1. Please determine whether any residue of the range 245-259 is in contact (Cβ under 8 Å) with a residue 12 or more places away in the chain, in a helix (DSSP H, G or I) and either within 16 Å of the ligand (Cβ to nearest atom) or not small (Gly, Ala, Ser) (or both).
2. Please give the helices (runs of 4 or more DSSP H) falling wholly within the range 1-111 in which 3 or more residues are near the ligand (Cβ under 9 Å from one of its atoms).
3. Kindly list the number of the only condition in (1) more than 12 Å from the ligand (Cβ to nearest atom); (2) assigned to a helix (DSSP H, G or I) that fails for residue 119.
4. Say whether the condition of being under 22 Å from residue 66 (Cα atoms) and among the aliphatic types (A, V, I, L, M) is met by at least one residue in the range 100-109.
5. Does residue 64 count as farther than 21 Å from residue 174 by Cβ and modelled with pLDDT under 95?
6. Quick one: which residue in 124, 158 is within 14 Å of the chain's Cα centre (by Cα), under 26 Å from residue 244 (Cα atoms) and at pLDDT 95 or above?
7. So, in the range 130-161, exactly how many residues are surrounded by fewer than 19 Cβ atoms within 10 Å (Cβ to Cβ) and within 27 Å of residue 171 (Cα to Cα)?
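The values are calculated or read from the model by the stated rules, or taken from the named source; none is laboratory data. These numbers come from a predicted model, not from an experiment. With ideal geometry, Cβ positions are generated from the backbone for all residues, glycine too; neighbour counts draw on all protein chains shown.
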Amino acid sequence: MEKHSGKMSILDKMHDHFLHIAPRYGKLRTTDIGPITFIANKIRDLQHIQAADIGCGTGRYGLKLIEHVGEKCHLFCVDNNMEMLTHLRKYFLEHHVTNFTPIRSDSHKIPLQTDLLDCVMSFNAIHHFSLSNFLRESSRILKNNGKLFVYTRLRDQNAKTIWGMHFPSFAKKENRLYELEELKSAFEKDPNLNINSVKLFEHHRVFPLERLVEQAKNHHYSTFRLYKKNEFKEALHKFVQNILNHYDDLDKITWKDQNTLLVIENNQ
Ligand SMILES: C[S@@+](CC[C@H](N)C(=O)[O-])C[C@H]1O[C@@H](n2cnc3c(N)ncnc32)[C@H](O)[C@@H]1O
């Protein structure tokens, strides 16, 4: 791993983060079914589906998609972190799913042929990519009229999560996420990609405080890697205090998460 004057670059830090969290990643995060059923409905009429999940991680969304559309789908699972792909392979095989190909690759240079895919998806990952390069590459590997689905939380949606509201500096530190207008203008700059629709998802969450603390301690969001060690410890302490001040039932901390799904068509 490249180091710069003893300090890791942010990209190296994130690569290191995903390397270490890979064994626990699927269990620490909450998987939303709404976007999967939405995407499955959009593509299920195709006879054969060639799809790719970019920044696939350990495959929790990819597996769900295959379970929804069945064996007529072949999924290319693309991630630049080998450890994530190792766990993905294990996870898929445990679920007796074999119609997939893991590919270790950067999101901007994917070793797939031009005009191959019916569908490209990315969940919770575009803020880690070089956006314009990822869009260009998605357009290249998609067939004409193929669809790109981008599921993400926007910057203002992040601020309304339990972490954004109660974990000190969480929303401020997470400056990699996009606002909707920023995403729209990135798509407008790409000559081939046109936004078809923008869908908002709202998820009602109910978690015990214990689970939230476990998630934070395990850095289930890479945002926590942006804190210094002591700063994180103090912020976690303050988070618990804030929760104690705002909620009576510590077994049922409730809030609403919002996410956005962009549906984009490739018109060459
Ligand atoms: C927040 S995780 C999301 C994983 C998965 N989509 C999910 O929702 O469970 C982001 C993933 O993107 C991968 N990633 C980050 N930068 C990447 C890049 N430039 N090219 C490909 N994958 C990348 C990371 O290794 C990680 O697995």
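1. For the range 245-259, residues in contact (Cβ under 8 Å) with a residue 12 or more places away in the chain, in a helix (DSSP H, G or I) and either within 16 Å of the ligand (Cβ to nearest atom) or not small (Gly, Ala, Ser) (or both): present.
2. In the range 1-111, 10-28, 60-69, 82-94 are the helices (runs of 4 or more DSSP H) which contain 3 or more residues that are near the ligand (Cβ under 9 Å from one of its atoms).
3. The one condition residue 119 does not meet is (2).
4. For the range 100-109, residues under 22 Å from residue 66 (Cα atoms) and among the aliphatic types (A, V, I, L, M): present.
5. no
6. Checking each option against the conditions leaves just 158.
7. So the count comes out to 7.
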